[in-house]
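Peer 1: Let me begin by handing over the structure; questions about it come next.
The values are calculated or read from the model by the stated rules, or taken from the named source; none is laboratory data. In this text the structure is predicted, and so the values were computed from the model without any measurement. As a convention, Cβ positions derive from the backbone with ideal geometry for all residues, glycine included, and neighbour counts pool all protein chains shown. The protein model used for the area step is the full one, side chains on, heavy atoms only, and it has no ligands, DNA or RNA in it. Shrake-Rupley method; radii C 1.70, N 1.55, O 1.52, S 1.80 Å.
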Amino acid sequence: MDRTSRKSTGSSFWLALLVVACVQSVIGLSIWSDGGMAYAQDDDGGDDGGDDDDGREASGVDNRVGAASRRSGNEGTRSPSRNLQTNGLRRTRVVQAAPPPEFAAGEIVVTNLSEVDLAALLVEGFIVIERIELFDVAVVMHRLRVPDGLTLEQARDRVRAQPTGATGDFNHYYRTGEDALSPASGVFSAPVAMAPVANCAHMNCSALKLIGWPAERDLSPVCRVTVPVGVIDTGVNAAHENLVGARIEVLRLLAEDVDPSKAVHGTAIAGLLVGQVPDRTPGLIPEANLVVVDIFGRKGDDERASVASLIKALDLLAQRKVKVINLSLAGPANAALEAALLRLTSPGGAIVLAAVGNGGPAAQVAYPAGYLNVVAVTAVDQRGQVYRRAQRGMHIDLAAPGVEVWSATSVSGVKPKTGTSFAVPFASAAAAVLASRNPEATPHALAAQLRGLVRDMGAQGADEVFGAGLLALDTLCGPKIPAVPVE
């Protein structure tokens, strides 16, 4: 073999070795990934573009780290990086942060537990953390500490074994999805160029045109909102220039030792509903009386609300006779929450609307949107195409704009927001108009009316992407829509 051949052969050998090392490195990164997801929430002080919803709004999915947390009650930890040596090349093991917990460690929540059944559980070693008097959605709710030696699953089963313990469940956490990637990150497609909307100059003209929102609704004496509207969310900056003059009452349901929520998500939801700047980002129902209940607290970067707080907030709104409730949040199924919502949405109660979640088309159903008596809202863009991260299922009721709709930031100014959270206010605003025009209508009847004000999208009839269809509200302020009398 001549020198040229030997040089060529030697170069090929070292090149092949380098390729093998690179492939092993890539495979190693894949194998070593622990399945966790990094949650990097928006910095409220800077409002740096992380206001959109994200694909991690609804969890309900277990993995190795989550399963370990369920057994140990750990909040989730970050493993240290490790440097490894392969074929003379140094590579670093990349370890993602464990996902936030799905529920409070060592706690069970139960509603309407009898004193006899409670006494039996106390004998078994359960401890009452909190006894909460509820006036509308349940009689009483207990938070119980699990006895030593029992897993959460075993403790839940012991509670459910009691004659009145059927609603026993974990104290699940719910989130707004405030940790999203911004449109500039490349996750979302570029804004679609659309023709100008006649007689409209503000930043959400295209969204309103898409659903036929009546341009002169606020001037119509028969189409103004006269019922109180409830929002359960994070805090709201009522001093924001887009909310000055709005009728907003903000209530906080958290212990004093919990770090308060950031006012990012809640301010955006409030702005979509009752924004006061008509030539920039007008609210859909600026005349409405908005009652906001802030149930979110922070632990590190994780902003979350427990199911116990959510049930308390629902009860508080029920006491105030709120007829429309906006829930731009999602999380796991919970038996106590389901029972509370069933009572709340009974005749004489409220219509509840919730985000379907942003876990992606293959994700499991998120709750409370997954419950039959809750109106589940998904998001579409300005072309009527479904939001790429929106969850799917036959529980979905309808679609509304939720991709790059403009609303208030936490401090000042406005920004485009994306996620199923931001589609819910469009449906809630329409429900508030219907409830005001039909004060005798039950929540079930209002939901049926709302599902009738859509245009079919996707597959013919109701489907798992758009539900009954995209809101079509051209006739919202026309002749009065009769209430559906049958429950």
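Peer 1: Looking at HIS395, HIS444, can you tell me which residue is open to solvent by 10 Å² or more (accessible area, probe 1.4 Å), in contact (Cβ under 8 Å) with a residue 24 or more places away in the chain, in a helix (DSSP H, G or I) and over 29 Å from ALA238 (Cβ atoms)?
Peer 2: HIS444
Peer 1: Given (1) assigned to a loop (DSSP other than H, G, I, E, B); (2) surrounded by fewer than 23 Cβ atoms within 10 Å (Cβ to Cβ); (3) under 25 Å from the mean Cα position of the chain (by Cα), where does GLY478 come up short, assuming only one miss?
Peer 2: The one condition GLY478 does not meet is (3).
Peer 1: Another question, if that's okay. Identify, by number, the condition in (1) at pLDDT below 95; (2) open to solvent by 10 Å² or more (accessible area, probe 1.4 Å); (3) more than 19 Å from ALA435 (Cα to Cα); (4) in contact with a helix residue (DSSP H, G or I) (Cβ under 9 Å, 6 or more places away or on another chain) that LYS299 doesn't meet.
Peer 2: Unmet condition: (4).
Peer 1: Which ranges mark the strands (runs of 3 or more DSSP E) fully within the range 92-145 that have 1 or more residues being over 20 Å from HIS172 (Cβ atoms)?
Peer 2: 127-133
Peer 1: Just name the residue that is most open to solvent (accessible area, probe 1.4 Å) out of those in the range 302-321 that are out of contact with any helix residue (DSSP H, G or I) (no Cβ under 9 Å at 6 or more places or on another chain) and outside any helix (DSSP H, G or I).
Peer 2: This residue is LYS321.
Peer 1: Restricting attention to the range 324-345, does a residue exist that is open to solvent by 10 Å² or more (accessible area, probe 1.4 Å), in contact (Cβ under 8 Å) with a residue 40 or more places away in the chain, on the phi < 0 side of the Ramachandran plot and in a strand (DSSP E or B)?
Peer 2: no
Table: residues versus (1) within 21 Å of LEU210 (Cα to Cα); (2) open to solvent by less than 10 Å² (accessible area, probe 1.4 Å).
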| site | (1), (2) |
| --- | --- |
| GLU404 | yes, no |
| THR409 | no, yes |
| VAL414 | yes, no |
| GLY419 | yes, yes |
| ALA435 | no, yes |
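Peer 1: Identify all residues within the range 348-358 that are more than 17 Å from LEU317 (Cβ to Cβ) and open to solvent by 30 Å² or more (accessible area, probe 1.4 Å); write none if there are none.
Peer 2: none
Peer 1: Could you tell me which numbered condition GLN449 fails, if it satisfies all but one of (1) under 19 Å from VAL322 (Cα atoms); (2) in a helix (DSSP H, G or I); (3) open to solvent by 40 Å² or more (accessible area, probe 1.4 Å)?
Peer 2: Unmet for GLN449, out of (1) under 19 Å from VAL322 (Cα atoms); (2) in a helix (DSSP H, G or I); (3) open to solvent by 40 Å² or more (accessible area, probe 1.4 Å): (3).
Peer 1: Counting only residues that are open to solvent by 10 Å² or more (accessible area, probe 1.4 Å) and in contact (Cβ under 8 Å) with a residue 60 or more places away in the chain, which one in the range 376-390 is nearest to ALA335 (Cα to Cα)?
Peer 2: The residue in question is ARG389.
Peer 1: Would you check which residues across the range 122-178 are out of contact with any strand residue (DSSP E or B) (no Cβ under 7 Å at 6 or more places or on another chain), under 30 Å from ARG320 (Cβ atoms) and either of a type in the set (Lys, Arg) or open to solvent by 10 Å² or more (accessible area, probe 1.4 Å) (or both) and list them?
Peer 2: If the condition is that a residue be out of contact with any strand residue (DSSP E or B) (no Cβ under 7 Å at 6 or more places or on another chain), under 30 Å from ARG320 (Cβ atoms) and either of a type in the set (Lys, Arg) or open to solvent by 10 Å² or more (accessible area, probe 1.4 Å) (or both), then PHE135, ASP136, VAL139, THR164, ALA166 are the ones that fit.
Peer 1: Right, ALA459: open to solvent by 40 Å² or more (accessible area, probe 1.4 Å), of a type in the set (A, V, I, L, M, F, W, C) and farther than 30 Å from VAL244 by Cα or not?
Peer 2: Here the answer is yes, as ALA459 does meet what is asked.
Peer 1: Here's another thing I want to ask about it. Would you check if ASN373 is polar (S, T, N, Q), touching a Leu at 6+ places or on another chain (Cβ under 7 Å), in contact (Cβ under 8 Å) with a residue 24 or more places away in the chain and open to solvent by 10 Å² or more (accessible area, probe 1.4 Å)?
Peer 2: yes
Peer 1: Just one of (1) part of a loop (DSSP other than H, G, I, E, B); (2) in contact with a His (Cβ under 8 Å, 6 or more places away or on another chain) trips up SER421, so point out which.
Peer 2: (1)
Okay, residues lined up against (1) modelled with pLDDT of 95 or more; (2) over 22 Å from ALA268 (Cβ atoms):
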| residue | (1), (2) |
| --- | --- |
| VAL386 | yes, no |
| GLN391 | yes, no |
| SER412 | no, no |
| ALA430 | yes, no |
| SER436 | yes, yes |
| ALA447 | yes, yes |
| GLY467 | yes, yes |
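Peer 1: Okay, moving on. Residues being in a strand (DSSP E or B) and open to solvent by less than 20 Å² (accessible area, probe 1.4 Å): count how many of those fall in the range 226-277.
Peer 2: 5
Peer 1: Do you know which residues across the range 199-225 are assigned to a loop (DSSP other than H, G, I, E, B) and more than 20 Å from PRO479 (Cα to Cα)?
Peer 2: Once the filter is applied, which keeps residues that are assigned to a loop (DSSP other than H, G, I, E, B) and more than 20 Å from PRO479 (Cα to Cα), the range 199-225 yields ASN199, CYS200, ALA201, HIS202, MET203, ASN204.
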